[in-house]
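Written below as structure tokens is the structure these notes are about.
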Amino acid sequence: MSKVARIPGYQSKNPKQNRGIIGDREIRFKCSLQNVILDVLRGRPGWTEVPGQQTSGLTQTGNQSRPSDGDWDFYWCDREWLHQNYDTMFLHEHQKILHFRNHYELTRKNLMVKNLKRLRKQTEREQGKTEAQSFDFYPTTYELPSEYHIFVEEFKKNLGIIWIMKPAAKSQGKGIFLFRRLKDITDWKKGEYQPLSDQTRDVPETYVVQRYIENPLLIGGRKFDVRVYVLVCSYNPLKVWLYRGGFARFSNTRFSLDSIEDTYVHLTNVAVQKNAPDYDPEKGCKWSTQQLRKYLAAKHGVDKVQKMFKAIDNIIIKSLQSVQKIIINDKHCFEMYGYDVLLDDDLKPWLIEINASPSLTASGKEDYDLKFGLISDLLNVLDLENRLTGKEKRIGGWDLLWDDGPIVADDNMDCTPANGAAVSTPNSYLGCFNDRKKQLREIYLTAQSVKKS
Ligand code: ADP
């Protein structure tokens, strides 16, 4: 699918009249992905593609430009490329690149939980038990094999419950299985770990074992999780934006605890669901977050749903704070995370995982439009064109959630509590109306007049 962008608010019909102002020249980009992101970059006025871009995981060769040459301003690179090149490259003042050096501290399942556990303990020590309860948003998790014995103790205390095993560094549901009996995991353990004595094999893969959420909120009898997009422009100070749009991913098969081996019932990943025998690619298995919010508000009441979305804000901030001192902060880097959040039948959100490379491949027209707007607005936030004032609290579909502290909303907009009370609300509008084009037009006009005066 390809589409020429009209990024509203500042572009003219003739891109030449509207060049980016990095050194009063065009903005040069590189991109290692071939999906919506490339359409956005290629269609953006004043931006031009640097030829000879890197492809996934390749190292530099003779006639390709060195990353240190500074021949690009913006690079949407893949993680492998960053790992191979970051330590040896020099980033110039004007360059912006996707990913922080050690993003895996948050995006590997075992490290995410380790960091959350650490901040939770510190919070309990310094601020007490009640404050530490604000970390009760991730299911009990242990790393295997290192925490196997602690896990077994916990297992014995809660006989009969369901656990889920997940490879720490894989994605798209690969290698995941559910179990109730310790025997299932000891059988697996034998298979996975015995080969240690076999010198030809590598060290066994790290897994996490996690308490399975047995009471997910169901819609139409189906389980779903919610994809939330979060943009971090800086870890020090922590600056976080939350995108209004997103989607819920449904499983294709009705939920039941009778068939715990059926991945089509229990894993909501699109990569899993699209292989289900009765999967309909036209219908897909997604709802927009806006649709979800409306549905939940009608069914459970606005206040309860507000509380649930506030709890998602808490998940975002606490998880980022848990790695704030660990991530190597670099003013050239930014990260767009895809959070996976599961709701239980009491509308409590649970953090399942955080992705550093959420899929930017579109599964249909609506998904394409969402991702196109998401990335266009991400570029608007980064503002390489230097058209904004830097004081904006909202840019298109992104709302500033945290800037070294919580951001309070200027108005209650369209997500006011049922009683309409004028309270100071956080600047958070996940699943709310996203009139991004109109909003962009307004802020670019305002910024223009501020800059003139
Ligand atoms: P992956 O990175 O392979 O996608 P996830 O941790 O996101 O792994 O898990 C895949 C899917 O499995 C999730 O989208 C969710 O539907 C389900 N799942 C994962 N962990 C749990 C859990 N603790 N309780 C209930 N469902 C879970």
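The values are calculated or read from the model by the stated rules, or taken from the named source; none is laboratory data. Just so it is clear, the structure is predicted and the values come from calculations on it, not from any experiment. Quick reminder, even Gly has a Cβ in these numbers, built from the backbone with ideal geometry, and neighbours come from all protein chains shown.
Structure data summary
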| item | result |
| --- | --- |
| Any hit, segment 316-328, residues being in contact (Cβ under 8 Å) with a residue 12 or more places away in the chain and assigned to a strand (DSSP E or B) | no |
| Counted residues, segment 150-192 - those being of a type in the set (A, V, I, L, M, F, W, C) and either over 23 Å from residue 259 (Cα atoms) or more than 16 Å from the ligand (Cβ to nearest atom) (or both) | 8 |
| Selection within segment 234-262 - within 23 Å of the chain's Cα centre (by Cα) and farther than 25 Å from residue 288 by Cβ | 234, 235, 236, 237, 238, 239 |
| Every residue from segment 266-285 that is of a type in the set (Val, Ile, Thr) and out of contact with any strand residue (DSSP E or B) (no Cβ under 7 Å at 6 or more places or on another chain) | 272 |
| Residues being closer than 20 Å to residue 353 by Cα, among the aromatic types (Phe, Trp, Tyr) and not in a strand (DSSP E or B) - total across segment 222-271 | 1 |
| Residue within segment 230-249 that is modelled with pLDDT under 95 and either among the basic types (Lys, Arg) or in contact with a strand residue (DSSP E or B) (Cβ under 8 Å, 6 or more places away or on another chain) (or both) present | yes |
| Given (1) touching a residue at least 24 places away in the same chain (Cβ under 8 Å); (2) under 30 Å from residue 152 (Cβ atoms), number of the condition residue 256 does not satisfy | (1) |
| Considering residues of segment 264-273 that are touching a residue at least 24 places away in the same chain (Cβ under 8 Å) and surrounded by fewer than 20 Cβ atoms within 10 Å (Cβ to Cβ) only, the residue nearest to the ligand (Cβ to nearest atom) | 269 |
| Total residues in segment 330-347, condition more than 12 Å from the ligand (Cβ to nearest atom) and either closer than 23 Å to residue 245 by Cβ or in contact with a helix residue (DSSP H, G or I) (Cβ under 8 Å, 6 or more places away or on another chain) (or both) | 5 |
